[in-house]
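Notes to accompany the following structure.
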Amino acid sequence: MEFLTDVKQEQQFLTISIAYFGKKFRDELREGMYGSVDIVKFDELRDLETYIRECPLLHIPEVIFLEMEDDMSAMKQVISRIRANPVAKGISIILLSFKGNKNLVIQEFRPLVSDIYFYPFNVSDLKERLKFILRFKLIRNETAPPMSLGQLGYYKMPLAKRSFDIVFSLLLILACSPILLLIAILIKLDSKGPVFYVSKRAGSGYKIFNFYKFRSMRESADSELASLSSLNQYASDSAGETAAFIKIANDPRITKFGSFLRNTSLDELPQLFNVLKGDMSLVGNRPLPLYEARMLTSDEWASRFLGPAGITGLWQISKRGRREMSDCERRKLDNFYTEKFSFWMDLKIILKTIPALIQKERV
């Protein structure tokens, strides 16, 4: 069947969300796209940056079109800040250049953007790029509408589970306080950077919170992630789906002491404070980085967020660190826990977590 016919038939489900800075082509993009584009328009760069920064996780645009301004430095700074936002990692940023030195534009912006179009070009070139993105979404069977936070609902933790979390996490923090202090000192002696690694994670009901770990990597580790995608042990999924989870085998960003922390799972101890705060439970599905959570919004996989987020869970005690575990298997384990979890299941998982703490692989 002709691709454009496919798009027209799927228009009620399949939409590309666009943030457009500038005026030249933004109104023409809708024409002939069968309602498959949703454009938010911006006349000021600062307004676009504010929009991306404050946009809810499930409503982040998939594409940003930027018409080049005379002040290249200011635009470069804005793009760099957008790229540094963990929520915006999956956005395609396309630069539209109408004047200036072509080689200079490539040199300054190629590392920051997905593509650059140099004038003369017309709106049909941009539409072809959008059609490619639509085709890619169809191939990935993502025609079902994303679940909104209202549709998804929120997980309400049972009183018994929350009470157990508070008591047990507080006792563990008190008992482990000398170890926590010693680890903090050794991290500072081992490498430059902060003691704790703090990142935004999506937990129950896509609730976003600050997630704590002992730092086990170089300080610049996050900026190096894109260059290591070929090492992702979940990259090759037998189901043919794009991997939602990221786990780097033999990660070169890990420090010497960080390798020990990871292999013994001692880097996870600060998450006891997340449990005490109520961000997480001792047992549940792993809270995900925002760029991973955005890939799990379909009806089939979003149910993992209807259960508690936890430090340990079925994944950790079953196949943690094993290469034969696929991305799809891990998703299914998360869904199974959400549907079947109970107080007694949690106790079994906690008891089985201790022997699972020592990993056999460096991941």
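Brief remarks on what is shown
- Residue that is farthest from Leu282 (Cα to Cα) [pool: residues in segment 163-179 that are touching a residue at least 60 places away in the same chain (Cβ under 8 Å) and over 29 Å from the mean Cα position of the chain (by Cα)]: Ile179
- Residue ID - nearest to the chain's Cα centre (by Cα), chosen from residues in segment 1-31 that are of a type in the set (Phe, Trp, Tyr) and modelled with pLDDT under 70: Phe13
- Test: residue in segment 80-89 that is in contact with a helix residue (DSSP H, G or I) (Cβ under 8 Å, 6 or more places away or on another chain) and assigned to a strand (DSSP E or B): no
- Among the residues of segment 94-121, the one identified as within 18 Å of Ile16 (Cβ to Cβ), at pLDDT 80 or above and in a loop (DSSP other than H, G, I, E, B) is Val113.
- Identity of the residue in segment 67-93, of a type in the set (A, V, I, L, M) and under 23 Å from the mean Cα position of the chain (by Cα), that ends up farthest from Ala19 (Cα to Cα): Ala84
- Tally of residues being exposed (fewer than 14 other Cβ atoms within 10 Å of the Cβ), modelled with pLDDT of 80 or more and over 19 Å from Asn210 (Cα atoms) across segment 50-75: 4
- Test for Glu324: is it over 20 Å from Gly203 (Cβ atoms), at pLDDT below 80, of a type outside the set (Lys, Arg) and not assigned by TED's automatic domain parsing to the domain that holds Leu172: no
- Residue, farthest from Arg201 (Cα to Cα), within segment 75-112, restricted to residues that are out of contact with any Leu (no Cβ under 7 Å at 6 or more places or on another chain) and small (Gly, Ala, Ser): Gly100
The values are calculated or read from the model by the stated rules, or taken from the named source; none is laboratory data. What you see is a predicted model, and the numbers here were worked out from it, not measured in a lab. No Cβ is skipped: glycine too gets one built from the backbone with ideal geometry, and neighbour counts run over all protein chains shown.
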